[in-house]
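S.K.: The structure follows.
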Amino acid sequence: ARKIVVIGGGPGGLEVAWIAAYRGHNVVLFEKEQNPGGQFRIGAIPPGKQELAKAINYSTHMGEKYGVDFRFGTEADADQVAAENPDVVIVATGAKPGIPDIPGVDNPKVVTAIDIITGKEDAGEKVLIVGGGLVGCETADLLGEHGHKVTLIETLTEVANDVQESVKHFLMLRLKRHEVQIATNTTVKEILQDGAKVEKDGQEKQLAGFDNIIIAVGAKSVNHLKQQLEGKVPELHVIGDASEPRQAIDAIEEGASLAIKL
Ligand SMILES: Cc1cc2nc3c(=O)[nH]c(=O)nc-3n(C[C@H](O)[C@H](O)[C@H](O)COP(=O)(O)OP(=O)(O)OC[C@H]3O[C@@H](n4cnc5c(N)ncnc54)[C@H](O)[C@@H]3O)c2cc1C
């Protein structure tokens with residue numbers, strides 16, 4: 001049996017941890033939050049997404065069953081990881097919301113989609129969502145369902161480009177029912193007092209009168225522990241969104257593929 005330390009209890013970390021434990025290894029998993037699931041737990045909050053929580057519960061349950069030593073509420077640093085004397089370290093620290101580098105982004109009305117979905121921040125009545133991928137659309141759906149007036153802007157020619165066709169169909173119907181205003185081919189240039197300066201087809205215009213500007217422009221990998229641990233532990237891997245932000249299925253697949261090689 002090898003000593004394996006997994007950093008991060010999102011779908012990728014949970015998957016590699018339980019399968020490695022099932023295969024007889026001694027596995028410690030550090031998770032800074034009190035609960036497992038990472039971004040996927042947040043992804044289970046928007047309308048119709050509750051099923052996702054089952055996958056988190058399943059892999060957590062399997063980890064408990066096969067003896068993973070879960071250390072919830074523990075943000076691991078390089079020293080703490082090295083102190084475990086691991087044979088293998090797996091960085092599964094996921095991703096955090098990307099913030100566009102544009103003027104005005106420090107306006108207090110600017111919040112992230114994740115802070116809205118988790119209820120960490122309350123949204124005002126009229127909101128502008130910047131970014132029309134899966135997360136932006138689901139935030140629009142959630143807020144629309146609660147009666148907020150939502151405008152969604154997207155640089156690309158269509159929204160929900162990263163959403164599976166069958167899911168997208170119903171998501172778009174719901175956005176329509178909630179009367180979400182959608183502007184495609186529209187790029188934010190600057191955040192203003194109560195809105196944004198945008199560019200559409202080479203022309204600039206201002207969108208104003210919003211209580212919040214919600215940022216949903218994609219995720220950025222969190223993987224500083226990789227650099228910090230390189231050369232300090234015998235074997236080091238990075239999986240899931242920590243290597244490149246994608247979908248849970250990718251993190252789970254990478255976790256499972258790695259676990260069967262350990
Ligand atoms: C709103 C939303 C909806 C989504 N919907 C879907 C969907 O429908 N389908 C889909 O496939 N994907 C969806 N995704 C994407 C999916 O959630 C991610 O791709 C997936 O969670 C990545 O898994 P991961 O294990 O790599 O990282 P994460 O889920 O980001 O988990 C990383 C974990 O590491 C922990 N961590 C970080 N640093 C440390 C540290 N130093 N010490 C201890 N713990 C640490 C974090 O707290 C976190 O729990 C959605 C994402 C969001 C935000």
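S.K.: Beyond 27 Å between alpha-carbons counts as too far, so tell me which of LYS54/LYS232; LYS54/LYS220; LYS232/LYS261; LYS96/LYS168 fall in that bin. Provide the component values of the computation, followed by the final result.
M.R.: On the way: LYS54/LYS232 36 Å; LYS54/LYS220 25 Å; LYS232/LYS261 21 Å; LYS96/LYS168 24 Å.
LYS54/LYS232, as the Cα separations exceed 27 Å there.
S.K.: For LEU152, enumerate residues with amide H under 5 Å from its amide H, sequence gap 5+ or separate chain, H modeled in the peptide plane.
M.R.: ILE129, GLN181, ILE182, ALA183
S.K.: Still on this model: Place +1 on the Cβ of every Lys and Arg and -1 on the Cβ of every Asp and Glu in the chain, take the dipole about the Cα centre, and give the residue among LEU207, THR112, ALA21 whose Cα lies farthest towards its positive end.
M.R.: Value computed over the given set: ALA21.
S.K.: From the phi angles alone, apply the Karplus equation (6.51, -1.76, 1.60; θ = phi - 60°) to segment 80-92 and give each ³J(HN,Hα) in whole Hz, x where the residue is Gly or Pro.
M.R.: For segment 80-92, the Karplus-derived couplings read 4, 5, 4, 5, 7, 6, x, 7, 9, 10, 10, 8, 10 Hz, x marking Gly and Pro.
S.K.: Here's another thing I want to ask about it. For the Cα atoms of the chain, what angle does the longest principal axis make with the long axis of helix 11-22, in degrees from 0 to 90, nearest 10?
M.R.: Long axis of 11-22 versus the principal axis of the chain: about 20 degrees.
S.K.: For q values of 0.12, 0.20 Å⁻¹, compute log₁₀ I(q)/I(0) with the Debye formula on a Cα-only model of segment 1-151, without solvent.
M.R.: At q = 0.12, 0.20 Å⁻¹ the computed log10 ratios are -0.61, -1.13.
S.K.: For ARG177, what is the net charge nearby, where nearby means another residue's Cβ is under 11 Å from its Cβ and Lys, Arg count +1, Asp, Glu -1? Provide the component values of the computation, followed by the final result.
M.R.: Numbers: positive: ARG174, LYS176; negative: ASP141, GLU145, GLU179.
Residues near ARG177 contribute -1 overall.
S.K.: Then there is this: Quick one: angle between helix 52-65 and the longest Cα principal axis of the chain, in degrees between 0 and 90, rounded to 10, please.
M.R.: Helix 52-65 sits roughly 10 degrees off the main axis of the chain.
S.K.: Something else now. Give me the distance between the Cα centres of segment 131-147 and segment 39-87, rounded to whole Å.
M.R.: A separation of 26 Å, based on Cα centres.
S.K.: Follow-up. Mind checking which of THR157, THR112, THR93 has the largest fluctuation in a GNM of the chain, springs on alpha carbons under 10 Å?
M.R.: Answer for the Gaussian network model of the chain: THR157.
S.K.: Something else: Considering every Cα-Cα pair within the chain, what fraction, in whole percent, is farther apart than 22 Å? Intermediate values should be presented prior to the final figure.
M.R.: Values: 19554 of 34191 pairs.
In whole percent, the share of Cα-Cα pairs in the chain beyond 22 Å is 57.
S.K.: Computed FRET efficiency, Cβ-Cβ of LYS205 and VAL167, R0 25 Å: what is it to the nearest 0.05? It would help to have the intermediate numbers written out before the result.
M.R.: Numbers: r = 32 Å, r/R0 = 1.27.
Approximately 0.20, to the nearest 0.05.
S.K.: On full extension of the chain, what length is gained from ALA83 through THR155, given 0.36 nm per residue of separation minus the C-alpha to C-alpha distance?
M.R.: Stretched out fully, the ALA83 to THR155 stretch lengthens by 21.3 nm.
S.K.: Another question, if that's okay. For segment 99-215, what D do you get in µm² per second when you plug the Kirkwood radius from alpha-carbon pairs into Stokes-Einstein at 4 °C and 1.567 mPa s?
M.R.: On the way: Rh = 14.0 Å.
It diffuses with D of about 92 µm²/s by this estimate.
S.K.: Which angle from 0 to 90°, rounded to the nearest 10, does the C-alpha axis of helix 165-177 make with the longest principal axis of the chain?
M.R.: It is inclined by approximately 40 degrees.
S.K.: Using only the alpha carbons of segment 158-201, what is the convex hull's orientation-averaged projected area in square nanometres? Write down the numbers at each step before the final one.
M.R.: Numbers: hull surface 16.0 nm².
Hull-based average projected area comes out at 4.0 nm².
S.K.: Moving on to the next point. Would you please state the base-10 log of I(q)/I(0) at q = 0.13, 0.25, 0.29 1/Å for segment 177-240, with intensities from the Debye formula using one equal scatterer on every alpha carbon?
M.R.: -0.59, -1.17, -1.31
S.K.: What does the charge dipole of segment 99-215 about its Cα centre add up to, to the nearest 20 debye, if the Cβ of each Lys and Arg holds +1 and the Cβ of each Asp and Glu holds -1? Walk me through the intermediate numbers first.
M.R.: Numbers: 12 positive and 20 negative charges, 57 e Å.
I would put it at about 280 debye.
S.K.: Next question, about the same structure. Which value, in debye to the nearest 20, gives the size of the charge dipole of the chain about its Cα centre, when Lys and Arg are +1 and Asp and Glu are -1 at the Cβ?
M.R.: That gives a dipole near 400 debye.
Bear in mind these aren't lab numbers, they're just calculated from the coordinates by the rules spelled out. Given the structure is predicted, the values throughout are model-derived calculations rather than measurements. Ideal geometry is used to build each Cβ from the backbone, glycine not excepted, and the neighbour counts take in all protein chains shown.
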